[in-house]
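Undergrad: Structure provided below as structure tokens; questions to follow.
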Amino acid sequence: MTDMEKLLEALKEVDEDIDFQEETALIEDGLIDSLRLTEIIAVLNDAFDVYIASKDIEPENFNSAQAMLELVHRYQE
């Protein structure tokens, strides 16, 4: 399983109705609110064994699955 597959599987736990694979403006388009963002951060922390600091909780890091994966990879380095 690739990291992207792992991420998409984890994001389904948050909201299976959002097409995380295709959406590129999740926050800007209002698909993710602050509660969902908190859930996504928790899922990322658990799935990838990282801790996302508050300084990185910016819309550009969560507008797409690709942006989230890049954030996770930065924490894994």
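The values are calculated or read from the model by the stated rules, or taken from the named source; none is laboratory data. Quick caveat, the model's predicted, so the values are computed rather than measured. Ideal geometry is used to build each Cβ from the backbone, glycine not excepted, and the neighbour counts take in all protein chains shown.
Undergrad: Mind listing just one residue for me: the one in the stretch 31-48 that is assigned to a loop (DSSP other than H, G, I, E, B) and under 16 Å from A67 (Cα atoms) and, of those, farthest from the chain's Cα centre (by Cα)?
TA: Taking the candidates together, the pick is L31.
Undergrad: For the stretch 1-30, how many residues are closer than 15 Å to Q66 by Cβ and not aromatic (F, W, Y)?
TA: So the count comes out to 19.
Undergrad: Can you name the number of the only condition in (1) of a type in the set (D, E); (2) modelled with pLDDT under 95; (3) not in a loop (DSSP other than H, G, I, E, B) that E5 fails?
TA: Checking E5 against (1) of a type in the set (D, E); (2) modelled with pLDDT under 95; (3) not in a loop (DSSP other than H, G, I, E, B), the one that fails is (2).
Undergrad: Could you tell me whether L71 is at pLDDT below 95, out of contact with any Cys (no Cβ under 9 Å at 6 or more places or on another chain) and not charged (D, E, K, R)?
TA: In short, no.
Undergrad: If I ask for residues that are of a type in the set (A, V, I, L, M), more than 15 Å from P59 (Cβ to Cβ) and loosely packed, with under 13 Cβ neighbours inside 10 Å, which ones from the stretch 1-31 would you list?
TA: Hit for the stretch 1-31 is M1, nothing else.
Undergrad: Need the failing condition index for N61 against (1) closer than 25 Å to E77 by Cα; (2) surrounded by 16 or more Cβ atoms within 10 Å (Cβ to Cβ); (3) free of Cβ contacts under 8 Å to residues at least 24 places away in the same chain; (4) out of contact with any helix residue (DSSP H, G or I) (no Cβ under 8 Å at 6 or more places or on another chain), just the number.
TA: (4)
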